[in-house]
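These notes concern the structure reproduced below.
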Amino acid sequence: MEKLKFNKQVYEAVNAILLTLLIVFGLSFISNIIPFAGAPYTIITSYFIIHYHAPLLLAGIYILVSGIGAALAKILTYLLGVGLEKPLNKNKNLPILKRFINSKYFLLSLFILAILPGLPLDDYLYIGGGLVKTSLLRMIKITIPAKIIKSSIEIPLEILGIIQISSISGLSPLELTIISSVAFVILGIILVKIDWERIYVIIKQKYPKFSL
């Protein structure tokens, strides 16, 4: 009887872990679908790790799954660029984006931008990649390890930060996750409205050797 009870507990525990991993993957994927406005998936994953008191090995799996989910969502961002080619051609930032994608800086920049916290600038590159029909497979190969690295760096720091801020502010980890998500959505909207073409012209005037 005790063995059956133990087996049932193990079965339920494994099912619960698989379900939460599926949720983490889904939320990481969904939060990265909307260009420039996705909620910070690492904070969401941090919340699950804290909430379920995940041990080190399981936390590592959460990190891996969240990074893969976030990277695969960029496929839809790329397809958005393909499907909205005509409307997007009116965007004032696209000329510089197209030049950049065809430059030698593209893949390295994609890797770096995919890691940067809070800045959804890799969405620009994926939409631009869809517009100019560059290799999606080549971009995904760069993005998956970048997002895993991003999760590996951000999530442990966010867990410590959420725990500390929660104890100081009295806000729960869930409340801090919601507040942070809203803040990053606002940041994404602000980034879309920046005239990057004008910034590029200013930089080029100051540093003539810099050219795309």
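The values are calculated or read from the model by the stated rules, or taken from the named source; none is laboratory data. This is a predicted model, so every value here is computed, not measured. For neighbour counting, all protein chains shown are included, and Cβ atoms are generated from backbone atoms with ideal geometry for every residue, glycine included. SASA here: full protein model, heavy atoms, side chains in, ligands and nucleic acids out. Shrake-Rupley method; radii C 1.70, N 1.55, O 1.52, S 1.80 Å.
Observations on the model:
- Residue check, residue 37 surrounded by 10 or more Cβ atoms within 10 Å (Cβ to Cβ) and at pLDDT 70 or above: no
- Condition check for residue 4: out of contact with any Leu (no Cβ under 7 Å at 6 or more places or on another chain), at pLDDT below 75 and either open to solvent by 40 Å² or more (accessible area, probe 1.4 Å) or not in a helix (DSSP H, G or I) (or both): yes
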